[in-house]
Amino acid sequence: MYRSHNCGELRATHNNTEVTLAGWVQGVRDKGFMIYVDLRDRYGITQLYFDESQSSKDLMEKAQKLGREFVIQVKGNVQERASKNPNIPTGDIEVLVSELKVLNGSKTPPFTIEDKTDGGDDLRMKYRYLDIRRNPVKNSLIFRHKVAQATRNYLSSEGFIEVETPYLIKSTPEGARDFVVPSRMNEGQFYALPQSPQTFKQLLMVGGMDKYFQIVKCFRDEDLRADRQPEFTQIDCEMAFVEQEDILNTFEGLTRYLLKEINGVEIDKFPRMLYDDAMRLYGNDKPDIRFGMQFGELNEVAQHKDFNVFNSAELVVGIAVPGGNTYTRKEIDQLIDWVKRPQVGALGMVYCRCNEDGTYKSSVDKFYDQDDLAKWAEVTGAKAGDLICVLSGDTNKVRAQLSALRMELAERLGLRKPNEFAPLWVMDFPLLEWDEETERYHAMHHPFTSPKPGQLELLDSKPGEVKANAYDLVLNGNEIGGGSIRIHDKATQAIMLKHLGFSEEEARAQFGFLMDAFEYGAPPHGGIAFGLDRLVAILGGQETIRDFIAFPKNNSGRDVMIDAPAPIDDEQLQELNLKLNLKS
Ligand code: ASP
């Protein structure tokens, strides 16, 4: 028996009990005649002590040689402490050690195993197993387990069945590139890792499974962005015989349950917003509605004077910054510099102070009088004491820029409170999205999403205006889930693929299996997938997902601990019939 108790368990009620503990040495304090050791495991820290007047010389010497992160086993007697430590749950007791066994030594760790460590990101990633010993990472992993477990409980109780789908498959387009795996047995042929189990979950519906879910890894070879992982986890779900309303209610139920179970927060009905309104009011399809600062479109009240910057713009749009009139000139100049950074890309910013006495002072007073500015205030909802920030330009660009500014200002004003939760359904996304690079339409969600009823006809004439039966669940300005009602008949799927630029042969080669299945009694169906990593991070009050993943990749998609990806040797290449075509 390695241990009778764990290191977080002993209390004053255990006084005078003989115990065996095992764990890691967090620290040693050698006072000469007394040696204190903090022993740590997953459950906590227990103070051990060695007392010269009660222990053998041998034992004292052994204790003196202990180093940080040694793995030890001790036998000893629980003693109620004279001076208690109220900061830790085991602070009422300590253990007088009678036997000490070193189970394994340890090199000095490259960073301190403390809540606030001295280790930088790279070092912590390289020695992730040491990082996992630290409370913040350990607790994040335990937290993730709780969320996953609560999800399984809820969905199982609603009649969902967890079914595993394969990882070695064929391309499932979700808008990224595939990771491919060469097949040794089939020369020149490749599997693709799933970008999602999309087609398989639809086939499960054809198979009559009715309510499916899976907590599942997905793989997307995307250009790397901060806080993206090439492999990530989804709570993937699908239901048959459902309309959009059924899906929204079911997964609102799941999210409400998680918020209650995990965060103790009760939220009634989730608000809903059309995609077009989200773009108009927040410049963003995943608005953070924990705070206001809605956009006010100013074209009508700003394009009637001689200010050419506004007159030549497709959209003039502003937001009211609450209390922003206290900003100094210098602070406003800094804001202007901020929107001009290449990451945001605005050419400049017009502003208007709303003075306490009801007058206005703008950066464009030469062109606009008090009446004009009063209208700006009305449209943006600005009150006395606020600052109106106005951007102008091409609609899509300027909305994205003002949205970035809105989020930045909210952050600075402390309006993005991590323990406040504001879920929102965004609905009726466009079916197709124009891609500047390839100069053609792409499915905004994926090619299996059905258009809204009656909109299929528009595909030929106004493809950009067709709305999809698709929805996203947004939480605190993050997309945590997205899904759609699917196409379930072959003819519609064929039309859709044609519009996405697939020839008949290509459609057959890639999705023939799905279209064939649709000919054998495919039920109407739809679903959704949640990004588990992000959901867990947000419920945990954080915005970065890395600490909630045991072994994450870094921002260049590398696992620096195992050093992957890595070259493979010639023999393996040959076996796979692969020749490297390296440019020398
Ligand atoms: N497969 C979709 C995704 O990964 C989710 C869905 O449509 O259910 O985004």
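The values are calculated or read from the model by the stated rules, or taken from the named source; none is laboratory data. Here the structure is a predicted model, which means the values were calculated and not measured. Because the Cβ atoms are built from the backbone with ideal geometry, glycine has one as well, and the counts that use them run over all protein chains shown. Please note that ligands, DNA and RNA were not included when accessible areas were found on the heavy atoms of the full protein model with its side chains. Shrake-Rupley method; radii C 1.70, N 1.55, O 1.52, S 1.80 Å.
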Note to self: Whether any residue in the stretch 117-129 is open to solvent by 20 Å² or more (accessible area, probe 1.4 Å) and under 19 Å from G8 (Cβ atoms) is what I want to check.
What the structure shows: no
Item checked: Single residue of the stretch 233-261 satisfying the filter (more than 13 Å from the ligand (Cβ to nearest atom) and outside any helix (DSSP H, G or I)) that is most open to solvent (accessible area, probe 1.4 Å) -> F241
Note to self: Which condition from (1) within 16 Å of the ligand (Cβ to nearest atom); (2) modelled with pLDDT of 95 or more is the one that F513 breaks?
What the structure shows: (1)
Item checked: Residue among R290, R280 that is closer than 28 Å to F143 by Cβ and either open to solvent by 70 Å² or more (accessible area, probe 1.4 Å) or not hydroxyl-bearing (S, T, Y) (or both) -> R290
Checklist line | the stretch 508-521 residues that are closer than 16 Å to M496 by Cα, paired with ones that are basic (K, R) (beta carbon under 7 Å, 6 or more apart) | finding: M515/K490; F518/K490
Check: With K217, K201 as the choices, which residue is open to solvent by 30 Å² or more (accessible area, probe 1.4 Å) and within 15 Å of the ligand (Cβ to nearest atom)?
Finding: K217
Check: If a residue has to be hydrophobic (A, V, I, L, M, F, W, C) and more than 19 Å from K201 (Cβ to Cβ) to count, how many in the stretch 509-541 make the cut?
Finding: 5
Item checked: Hits in the stretch 299-337 (condition: within 18 Å of D371 (Cα to Cα), part of a helix (DSSP H, G or I) and of a type in the set (A, V, I, L, M, F, W, C)) -> V301, A302, F310
Check: Is one or more of the residues making up the stretch 550-568 away from the ligand (no atom under 16 Å from the Cβ) and either part of a helix (DSSP H, G or I) or hydroxyl-bearing (S, T, Y) (or both)?
Finding: yes
Note to self: Condition (residue is under 31 Å from the mean Cα position of the chain (by Cα), modelled with pLDDT of 95 or more, under 30 Å from E245 (Cα atoms) and part of a helix (DSSP H, G or I)) applied to the stretch 338-360: is it met by at least one residue?
What the structure shows: no
Item checked: helices (runs of 4 or more DSSP H) within the stretch 114-190 that include 1 or more residues of a type outside the set (D, E, K, R) and more than 30 Å from V560 (Cβ to Cβ) -> 135-157
Note to self: Give all pairs with beta carbons closer than 9 Å in which a residue from the stretch 433-446 that is of a type in the set (D, E) and within 16 Å of the ligand (Cβ to nearest atom) meets a residue that is in a loop (DSSP other than H, G, I, E, B) and modelled with pLDDT of 90 or more; count only pairs at least 6 apart in sequence or on separate chains.
What the structure shows: E433/M444
Item checked: Only one of D178, D210 that is of a type outside the set (A, V, I, L, M), within 24 Å of the chain's Cα centre (by Cα) and more than 10 Å from the ligand (Cβ to nearest atom) -> D178
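Select, from N77, N87, the only residue that is open to solvent by 90 Å² or more (accessible area, probe 1.4 Å) and of a type in the set (S, T, N, Q).
It is N87.
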Item checked: First in the stretch 528-551 and closer than 9 Å to S140 by Cα, second anywhere and aliphatic (A, V, I, L, M) and open to solvent by less than 20 Å² (accessible area, probe 1.4 Å), Cβ under 7 Å, 6 or more apart -> V536/V147; A537/I545; D547/V137; F548/V536; F548/A537
Note to self: Just to check your reading of the model, which residue among D337, D369, D333, D357 is open to solvent by 20 Å² or more (accessible area, probe 1.4 Å), acidic (D, E) and touching a residue at least 12 places away in the same chain (Cβ under 8 Å)?
What the structure shows: D357
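Residue-wise test of (1) open to solvent by 20 Å² or more (accessible area, probe 1.4 Å); (2) of a type in the set (G, A, S); (3) closer than 24 Å to H525 by Cα.
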residue	(1), (2), (3)
L409	no, no, no
Y441	yes, no, no
E457	yes, no, yes
N476	no, no, no
S503	yes, yes, no
Check: If the Cβ limit is 7 Å and pairs must be 6+ apart or interchain, which residue in the stretch 80-97 that is without any contact (Cβ under 8 Å) to a residue 60 or more places away in the chain pairs with which residue that is open to solvent by less than 50 Å² (accessible area, probe 1.4 Å) and among the basic types (K, R)?
Finding: E94/R81
Item checked: the stretch 516-537: number of residues that are open to solvent by less than 10 Å² (accessible area, probe 1.4 Å) and either more than 16 Å from the ligand (Cβ to nearest atom) or hydroxyl-bearing (S, T, Y) (or both) -> 2
Item checked: Hits in the stretch 447-498 - residues which are aliphatic (A, V, I, L, M) and within 15 Å of the ligand (Cβ to nearest atom) -> A468, A470, L473, V474, I480, I485, I487, M496
Note to self: Which count do you get for residues in the stretch 154-191 that are under 17 Å from F513 (Cβ atoms) and either aliphatic (A, V, I, L, M) or open to solvent by less than 40 Å² (accessible area, probe 1.4 Å) (or both)?
What the structure shows: 6
Item checked: Among the residues listed as P194, P230, the single one being within 11 Å of the ligand (Cβ to nearest atom), out of contact with any His (no Cβ under 7 Å at 6 or more places or on another chain) and open to solvent by less than 50 Å² (accessible area, probe 1.4 Å) -> P194
